[in-house]
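Below: one structure, written as structure tokens.
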Amino acid sequence: MSAIGKVSLRDNILQRGPSRERSRLLVFNHTVLLLLTAFAVAPLLVLVFNSVKTNFEIGHNPLGPPAEIVTDNFINAWEQGNFATTMRNSAIYVVVTIAAELVLGGLAAYGLARKKPPGSDALMLYFLVASTIPIWMYIVPLYTQFRIWKLVGTMHGLILIYIAINAPLTIFLLRSYMVDLPGELEDAARVDGANEFQVLTRIVLPLTKPGFLTVGLVVGLGVWNEFLLALIFIYDPNRAPVTTSFFKFVDRFSRDWALTSAGAIIIIFPVMVLFLALQRQFIEGLAEGGIKT
Amino acid sequence: MKGIKLLFVITILALALSPVGAQDVTTVSMWLAENETMECWADVLYTFNDIDPSIQVDIVPQADTWNTTRTAVAGGGGPDIVRTPGPSFVYEMAQQELILPMDTFADQMGWRDFFFGWALDLGLVDGQLYSLSDELETLIMYYNTTVFEENGWTPPDTMDELNALSEEVAAAGYTVFSHGNASWRPSNEWFVGEYMTQIAGPHNVYKALTGQIPWTDESMAEAMEVLDMQMKAGWYGGGVDFYFTNEGPTRRTMLAGGEAAMNIEGSWAIRDMQEYFGDSEGHDWDWVPVPSKDGTDYFTIGMGNTSSINASSPHPEAAASFLTWYFSPATQGQLLTSCLKGPAPVQLAEDAMTELDPRIASVYAELSDASANDRYGYTTWTFWPPKSDVYIYEEVERVWTGEISVMDYLEGLDEIFAEELADGDIPPIPTR
Amino acid sequence: MAVLSQKKPTTIFEKFGDETWRYRFIRNVLVPWLFILPLLSIHVFVVAIPAVQGIYMSLTDWSGVGKNAEFIGLENYRELFFEDEVFGKAMVNTFQWMAFFLTVPFILALFCATVLAQIKRGGMVYRSILFIPYVLASVVTTAIWRNLLSPKQGIGAELAKIGIEGFDIAYLGRPETALMSIAFIDNWHFWGFLMILFLAAMQAIPPVLYDAAKIDGANRWDEFRHVTFPGIRPIVLFMFMMVAIWSFLAFDYIWLLTQGGPSGSSEMIATQLYKNAFLRFEGGYGAAQGVVISIFAGFIILIFVTLRRRGWDI
């Protein structure tokens, strides 16, 4: 145990026990984790398997690996599900909502966190209460209003709703990041003659980048997966996002599980790629978001 | 900073992506459920656009069509042609002036010349014509002829014969009826309405619908007891829990694959029968009228859809002229032949059915014979008021899962129905 | 004229005759509110105004379509609590749902996070994989599980094929199992998120605390009780509040899988609300249910805030 001197305080409790107990513990831990991992992944594996089987094969082999890999399902699903259009639409919904949310939310959070104008406590309470109101309570009045403003059926109309329903989360998150900043830097900048906008963009933004990334990921994921609002507010299939078009697709081809599995894979593919590329930011961001909200 | 500016630009660009449309031609929009049938419809309906270039129809495919339509129309939007799942749904929209009365159009455009009189009456709300009924349908009993032949069974005429046969079918290891409501919960109501007509008899249903007898009448209770017995015996879909999870395609495969013997369902299923039995080697199908208590061939009448004109439509005349074309016997005949769409209740041309499979043509022939000879009955979604209708298909599940008794169920129905009857929220019932 | 127009712009502040006051007002009130205003106004127009309209509608017999609505006071609420059996059932189901989500995912997540916190090698890999279900859309998750739970070609059917009978039942078709099956599916998607939150909180606990516990001769359970749990208590309690609120809003999974059936066994307040507002022409009544949900949620927040005021570290 000569290494003990080198073990830093940051190292884990496992380092401290006798090694036999440690390895027995590790076996237990890994067994548990492997079981849980299988629980999380197996259904997805079945989905992947089924997406490369023929529908006939699924009939007598609904869960196992495919006997022969067929890629036609993806081509058919892509064409019949109109994914070329709906993937582009979803990308627009996600990118524009994130952009607007970050810009407007960043401004608002800055105002709330760094300036604390009179009424900011009331405003925070307002957002907290608003975030608990179920959408079903105001969906029809909202629809009526949107009709009057000619926003129903338009992409920017739906984006406005997305911005609004994500506003409380954005403000809570970004505000909590900004509250933690030391005020001296800003004061120094002001002394140097910077105006409020410059203080925000040159000092506060760079220091709270992780917060913005988190909001972007949380909001983006939410919008990509959103389904019911899109179903109600967008009736033109040329403006529909992937989720509602997948819903229609399943409705239409429900007996072709191979085809619908391929469609499901197409939907989750972009999210998966992004997730695997940014897993640390994704996970830590969401976790941090969860704690700070 | 650059990043932020870029985001601004993207935002503004995207917000500017508003719909741009040329206003030179009048476009009449119509929403249809997105499925394979829709494409066939669209092919036929788009021929309208060749007639007059200044009026064009736009078919928009919709999932969850009715809910989307309802929300859209309630907000003052939606398509020019408002379609609902049946006359009982029109009432509320008419009351709220969300759709237009069409009597003037009916006179101007000669709708009375080709629509059946009783069918136009179905669209009346407070004496004004608000909707045109579409997709005439009736329930029949499909059966797998191959399975029947192999076992030496013959299709039953009476409910008693059906019960006896069902026991045999179940004992032989088949699922009796290929049923399930996972894809369309309200399918429960098909059987409620059907058994009331077949067992209590259409005249009693008429009396109950007009408030002359209560729904708790002995005859209604008997009908519901028979249905409940069959359901609990596991004949529907192979058990109550399977009934609740069998999806549309599963049900079709069960019958076409010879796993199930029979299926009581609407004439709308004909298209699927053709398709699924077409894929299934060595099995074939046919139909008989749903067995009744006394052996009479009763046919329930239903309307699968209605069409109205949206009150917020900027060009109701154009919408009306599209409807005139759409409901014309020629168009309806073509939709029937090409897409097996249930025809609207209009006077079809003599030869409209000649190209059809005789099994299909005979459904409509028998139905019109039944309505001419006082042998027609009622489907819940066409003749019951909306709240009673929802009660019928939702609460009946509680009977089948043994939570409440048939009498409890009928008492509840009677209460809701009486309220709606008193309020006058009831679809017009043609006098018998 | 020239004199007047020169004076005009400063009138408000002139009263006070204090340039500093004016400067402070602009810097501390006006500018911050200008920053807040764009997002706030979008939110007010999309959420607040329609929600207030919704509250008013809950006091009317509004059908959900059109403009005709008659004021009927609290009649909807009376009917809801004293006459509507389905609502009673939906309440019971909602509380069952809440009981499930306040226990199962929490226990699973706490257990898994504890186990995972002790792993050094491969910890990131486990963490990522366990999180994957959380990023899937509800449309996809329900499509996968509906098939896996199918009695004809799902897991149960495959088990029956190899001789393990009894699992090939229609989980979503039995009143006794439907609600908990949906909860199971939703939890499959959800618990990983909770686990990540707890894990992050555990990793933020200073290791020195564990060393101190060790010196005091604490065993693993003592460590969990006296070091780990106090460290993660704020997030656990916070998530308790959030999950409780979310239980009142649960809709997607139920709607996509059973729509509240069979025979109302998975009916929740939110699904019943949807049916009233959109299928039964009972917009006012549905709005009343929305208000009730909001009140429940508000009540839970109130408890949380009160506890915090009383000095609980949450």
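The values are calculated or read from the model by the stated rules, or taken from the named source; none is laboratory data. Computed from a predicted structure; not experimentally measured. Quick reminder, even Gly has a Cβ in these numbers, built from the backbone with ideal geometry, and neighbours come from all protein chains shown.
What the table below lists for this structure:
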item	result
Residue count for segment C:134-147, restricted to those that are in a helix (DSSP H, G or I) and more than 20 Å from C:Leu179 (Cβ to Cβ)	4
Meets criteria (surrounded by fewer than 19 Cβ atoms within 10 Å (Cβ to Cβ), on the phi > 0 side of the Ramachandran plot and either part of a loop (DSSP other than H, G, I, E, B) or under 23 Å from the mean Cα position of the chain (by Cα) (or both)) for B:Gly258	yes
Meets criteria (among the charged types (D, E, K, R) and closer than 27 Å to B:Arg83 by Cβ) for B:Glu259	no
Single residue of segment B:231-247 satisfying the filter (in contact (Cβ under 8 Å) with a residue 24 or more places away in the chain and among the charged types (D, E, K, R)) that is nearest to C:Asp168 (Cα to Cα)	B:Glu247
Residue that is surrounded by the fewest Cβ atoms within 10 Å (Cβ to Cβ) [pool: residues in segment C:67-82 that are in a helix (DSSP H, G or I) and without any contact (Cβ under 8 Å) to a residue 24 or more places away in the chain]	C:Phe82
Yes/no for A:Thr260 being within 13 Å of chain B (Cβ to nearest Cβ), farther than 30 Å from B:Val73 by Cβ and surrounded by 24 or more Cβ atoms within 10 Å (Cβ to Cβ)	yes
Complete set of residues in segment A:86-128 that are touching a Ser or Thr at 6+ places or on another chain (Cβ under 8 Å) and more than 30 Å from A:Met178 (Cα to Cα)	A:Thr86, A:Ser90
Some residue of segment B:231-252 being more than 21 Å from the chain's Cα centre (by Cα), within 14 Å of another protein chain (Cβ to nearest Cβ) and of a type in the set (D, E, K, R)	yes
Neighbours by Cβ (under 6 Å, 6+ apart or cross-chain): first from segment A:52-68, within 20 Å of C:Ile162 (Cβ to Cβ); second of a type in the set (Asp, Glu)	A:Leu63/C:Glu158
Set C:Leu194, C:Leu172: member being surrounded by 24 or more Cβ atoms within 10 Å (Cβ to Cβ), away from chain B (no Cβ under 14 Å) and modelled with pLDDT of 85 or more	C:Leu194
Residues of segment B:356-401 that turn out to be within 14 Å of chain C (Cβ to nearest Cβ) and of a type outside the set (Gly, Ala, Ser), as a count	18
Segment B:32-91, residues that are more than 19 Å from A:Asp251 (Cα to Cα) and charged (D, E, K, R)	B:Asp43, B:Asp50, B:Asp52, B:Asp58, B:Arg70, B:Asp80, B:Arg83
Tally of residues being exposed (fewer than 15 other Cβ atoms within 10 Å of the Cβ) and part of a loop (DSSP other than H, G, I, E, B) across segment C:203-248	5
Matching residues in segment A:150-197 - criterion: being loosely packed, with under 15 Cβ neighbours inside 10 Å and part of a helix (DSSP H, G or I)	A:Val179, A:Glu184, A:Leu185, A:Asp187, A:Ala188, A:Val191, A:Phe197
Single unsatisfied condition, B:Ala370 versus (1) buried (at least 22 other Cβ atoms within 10 Å of the Cβ); (2) touching a strand residue (DSSP E or B) at 6+ places or on another chain (Cβ under 8 Å)	(1)
Candidate set: segment B:375-389, residues that are part of a helix (DSSP H, G or I) and touching a residue at least 40 places away in the same chain (Cβ under 8 Å); chosen: the one nearest to B:Ile199 (Cα to Cα)	B:Thr380
Some residue of segment C:285-293 being away from chain A (no Cβ under 11 Å), in contact (Cβ under 8 Å) with a residue 60 or more places away in the chain and in a helix (DSSP H, G or I)	yes
